[in-house]
Amino acid sequence: MLYALYEAAFYATTPLRYAALMTRDFWNSPLNPGRDSDLGRSIYAHTDLFANLTRRYGRPEWNIDKVQIDGQTVRVRPTEVWSSPWAKLIHFSRDMADLRKAGRKELEPAVLIVAPLSGHYATLLRGTVEAFLQDHEVFITDWSNARDVPMMEGRFGFHDYIDHVREMLRRLGPRPHVVAVCQPGPPVLAAASLMAEDGEECRPGSMTFMGSPIDARLSPTVTNKLAEEKPFAWFQSNVIYTVPGPYPGVGRRVYPGFVQLASFMSMNMEKHQEAHRRYLSQLMDGDGDSADKHLEFYDEYLSVLDLTEEFYLETIDVVFQSYLLPKGELYHHGRRVRPERITDIGLMTVEGEHDDISGIGQTQAAHFLCLSLPPELKEDYIQPHVGHYGVFNGKRFREEIYPRVRDFIHRMDHSTMVQRPVRKYKAKPQAEIVSIRPRAVQG
């Protein structure tokens, strides 16, 4: 019912939105003599804000058509190389002639960036992609909006996510590198564990986890506590709704993107209110550059997608309530997931000092699960002075985090490409992660 009410509210405000747009354009017209008056600028600013807050935000474009490499402009073309009803695998193909001009003659490591399926589109990682394009062949998971997938395509749950990651890694060829940003951490680690146990040729050469809830018991945040405090039945009853027509996925049960967005914004409501007050002031002062930056951010932030009921609820259960992966109790299609079977996949974890979504220690837990990895294949880094989004985007990511990840991947690319025999395993006792204290923040 809530989904239908949300749609009804959108269509009910449509006449007001069009009226606001007409008023905005009237007061912004160079033919209007009152355009530059205080009244004119005020009316223009308020009607523009109203129109933006009530419009529909669709899937953003990547808008990546070039990248600077060693001072040379290299053309980039996003290309779909594999797809299912639930995801597309996008390759950001760099022009080879431009790469040669930049002095890049050797084949650079292939990296699969696994984008989070947690409300926002994969384009939220636009800055992450642009950074990795400087030194890698970049692929990214572009997840579908569940409301656009017809019921005839079946379900998509946590274990389907694992299967998708495995299939995408196979598409990249032998020993690709995988970077999991936030939510994908547990399913990516599960996929790598299964591939390592099977001795697959396309198992990752390295895996990098950035702000991921590998073990959500450690340094619990507000998000973790909410998942713990509410019974599983509460999530089933209060946040799952049915997709209405005319969407292709009509009848599908989903966790709507607008519900997720409301919870995101409620965590920092005063910050968002202040941002919009500044936007009004910038419009009235004629500060177009600052206003454009505001619009650029919120065009991305307010673009959300729906998650299937089964994926959302299974993630709540597996990751945030039962903690099956760190407890050694996660089974995938009847097989127990064993991170201790990983012996030759490099492991790097990256966390932010002020991360209020995945607390310090939750990502580090991957090191204690991968018991058979030698120390030379492990690296852990905590970035001072950044929150969750700063772990994979922004100035500190570009200047301090990305260079470390790049160097780690290149080091692992040389060491793990040497074919090693598949080892025979004996069961090892599972580490008791809950007793481990997170490492201190690096200065």
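The values are calculated or read from the model by the stated rules, or taken from the named source; none is laboratory data. Note that this is a predicted model, so its numbers are computed, not measured. All Cβ positions, glycine included, derive from the backbone under ideal geometry; neighbour counts span all protein chains shown.
Brief remarks on what is shown
- Every test in (1) at pLDDT 95 or above; (2) surrounded by fewer than 20 Cβ atoms within 10 Å (Cβ to Cβ); (3) aromatic (Phe, Trp, Tyr) is passed by PHE209 save one, and that test is (2).
- Qualifying residue in segment 43-58 (condition: among the basic types (Lys, Arg), closer than 30 Å to ARG166 by Cα, modelled with pLDDT under 90 and exposed (fewer than 12 other Cβ atoms within 10 Å of the Cβ)): no
- For VAL179, the test of being under 27 Å from ARG411 (Cβ atoms), part of a strand (DSSP E or B), touching a strand residue (DSSP E or B) at 6+ places or on another chain (Cβ under 8 Å) and not polar (S, T, N, Q) is passed.
- Unmet requirement for LEU172, which otherwise passes all of (1) without any contact (Cβ under 8 Å) to a residue 60 or more places away in the chain; (2) touching a Cys at 6+ places or on another chain (Cβ under 8 Å): (1)
- Criterion: of a type in the set (A, V, I, L, M, F, W, C) and closer than 25 Å to PHE297 by Cα - qualifying residue of LEU107, LEU112, LEU39, LEU99: LEU112
- Among strands (runs of 3 or more DSSP E) entirely within segment 1-116, having at least 2 residues that are in contact with a His (Cβ under 8 Å, 6 or more places away or on another chain) singles out 72-84, 110-114.
- Taken over segment 187-210, the criterion of being touching a Phe, Trp or Tyr at 6+ places or on another chain (Cβ under 6 Å) and either assigned to a strand (DSSP E or B) or closer than 21 Å to GLU376 by Cβ (or both) is satisfied by MET210 alone.
- Members of segment 146-176 found to be crowded, with 21+ Cβ neighbours inside 10 Å and assigned to a loop (DSSP other than H, G, I, E, B), listed by number: VAL149, PHE156, LEU172, ARG175, PRO176
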